[in-house]
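The values are calculated or read from the model by the stated rules, or taken from the named source; none is laboratory data. Everything quoted here is computed from the prediction, not taken from an experiment. Here the Cβ positions follow ideal geometry from the backbone for every residue, glycine too, while neighbour counts run over all protein chains shown.
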Amino acid sequence: MTANRLTLVFFVDALGWEVARKLDCFRDIAPYSYRQRTVLGYSCAAQPTILTGLMPDEHGHWGMFYRTERSDMRALRSLRFLPKTISTHRRFRGPLLKYHRKRTGFTGYYSLYRIPFHLFGKFDLIEKRDIYAPGAFASGAKSIFDHLADGGVPYRVWTWKDELNEGFAEFEAAIRNDRELRFALHYTPYIDAFLHGHIGDDKAVAGAVALIEKKIVRVVELARETRGDVNVVIFSDHGMAETTAEHDVMSVVTALGLGQGSDYHVFYDSTMARFWFESPRARDAITDALKKLDYGTVLSDDDLRREGVLFDDRRFGELIFLMNPTKLIVPSYMGGSAPRGMHGFSPEHKDSYAMLASSFAVDPEPTHIRDSFRVMMQAAGLPSEAGTPGTRDDPDDLGGATSGGNQEAAA
Ligand SMILES: [Zn+2]
């Protein structure tokens, strides 16, 4: 690595391999492109994998919410008696989230979605700290930001907390003014949000991707003019599949007549239902009912182990029911209606695959999103052996947020 090299990393959430390939994105600035398998789950699992080079059962983050009897979210339980028309309304939940972030000091990404408030006594948030800063993981797993900090590499980062235009403007200013800068990562949720509403509308998708591409190209060209020696890495965490059907799994489970909260616990994500059981009777009844459904699969421990999401304490679920690709759980705790596009299906489905593009050939070729970590480390001139798995394994150890917390979210 030359001493003056600048590495530019652009993380475009949900710009999957299929869409990026079809639109032939980033050809001029990052001509080497690779298809990457994603992890089972959502961005809250995939992003830690990208940033640490580790699988969820190593870095400790899988679902956004995990089962515990000592939830740091339990204060929200006091809202459980609110009428549903208010408690599920966006204009109520938006300001409430803002207030909750301020109150708790949680700096990680989360939302309250449509999760029933009484569940916050039994479920807690896994990403309490900003994963785009050092020291984010209760497991002790080290991210690219820990390595940059340890290595004394001057870096900047823009995340979901930054507005799109302001973030890119600051990025350009940093390139112009900060001669010490060696590494910069820009994350944007713009394409993810857009594809949830527009996947399948090829013209609209092409327009949205072109908008982001233009901003990225501008930063890269500016960097090449002012700094000369520039590495470019662009990647995503997963793709987006067009919704074809919605299924009311909640009613299937409720019809069994078991007590939610007494016989079993459940968390309904948009493509997965995760269960915990208080009795063998509940386990058998629910497992049998789910196995009869032809639109999803009860995952075996072997499936979970293979995907790197089998946790010894089962904090993310004792039984996982995964919907078949393009089919959604509606209603779920994520929403009351089906968006046009969704992710979080089998990583094997073609629309699940992520992409990585680089200005240099990567050897060995990246094939999995965890390889994005190695590519960033190599580009930044840091030792790029595999990531460091965590040692402590109890997410409850994390407690509240870190001292520097309390950054206000744009979400
Ligand atoms: Zn998304």
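A few notes on this one:
- Filtered by the rule that a residue be closer than 17 Å to A136 by Cβ and among the β-branched types (V, I, T), the range 59-74 gives no residues.
- The range 191-204: number of residues that are part of a helix (DSSP H, G or I), within 14 Å of the ligand (Cβ to nearest atom) and of a type in the set (A, V, I, L, M, F, W, C): 4
- Top-ranked residue in the range 320-329 [being in a loop (DSSP other than H, G, I, E, B) and within 16 Å of the ligand (Cβ to nearest atom); ranked as surrounded by the most Cβ atoms within 10 Å (Cβ to Cβ)]: P325
- The range 56-89, residues that are among the acidic types (D, E), crowded, with 16+ Cβ neighbours inside 10 Å and part of a loop (DSSP other than H, G, I, E, B): D72
- Any hit, the range 42-64, residues being more than 27 Å from G16 (Cβ to Cβ), out of contact with any Gly (no Cβ under 8 Å at 6 or more places or on another chain) and in contact (Cβ under 8 Å) with a residue 60 or more places away in the chain: no
- Residue selected from the range 340-380 under the condition within 19 Å of L23 (Cα to Cα) and in a strand (DSSP E or B), by the criterion farthest from the chain's Cα centre (by Cα): S358
- Test: residue in the range 243-258 that is of a type in the set (S, T, Y), more than 15 Å from the ligand (Cβ to nearest atom), at pLDDT 95 or above and in contact with an Asp or Glu (Cβ under 9 Å, 6 or more places away or on another chain): no
- Residue among G335, G317, G344 that is more than 19 Å from G239 (Cα to Cα) and within 16 Å of the ligand (Cβ to nearest atom): G335
- Total residues in the range 180-190, condition more than 12 Å from the ligand (Cβ to nearest atom), part of a loop (DSSP other than H, G, I, E, B) and touching a Ser or Thr at 6+ places or on another chain (Cβ under 9 Å): 1
Conditions tested, residue by residue: (1) in contact with a helix residue (DSSP H, G or I) (Cβ under 9 Å, 6 or more places away or on another chain); (2) over 17 Å from I115 (Cβ atoms).
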residue	(1), (2)
H238	yes, yes
E242	yes, yes
V252	yes, yes
F267	yes, no
T271	no, no
D284	no, yes
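- The range 179-207 residues that are charged (D, E, K, R) and at pLDDT 95 or above, paired with ones that are part of a strand (DSSP E or B) and more than 16 Å from the ligand (Cβ to nearest atom) (beta carbon under 8 Å, 6 or more apart): R182/L6; R182/T7; R182/Y155
- Evaluating F137 against the criteria (1) modelled with pLDDT of 90 or more; (2) within 20 Å of the chain's Cα centre (by Cα); (3) within 16 Å of the ligand (Cβ to nearest atom) leaves one unmet condition, (3).
- Look at (1) surrounded by 16 or more Cβ atoms within 10 Å (Cβ to Cβ); (2) at pLDDT 85 or above and you find that F92 fails only one, number (1).
- V153 being in a loop (DSSP other than H, G, I, E, B), assigned by TED's automatic domain parsing to the domain that holds Q378, among the aliphatic types (A, V, I, L, M) and in contact with a strand residue (DSSP E or B) (Cβ under 8 Å, 6 or more places away or on another chain): yes
- Verdict on I216 being aliphatic (A, V, I, L, M) and either within 16 Å of the ligand (Cβ to nearest atom) or assigned by TED's automatic domain parsing to the domain that holds L322 (or both): no
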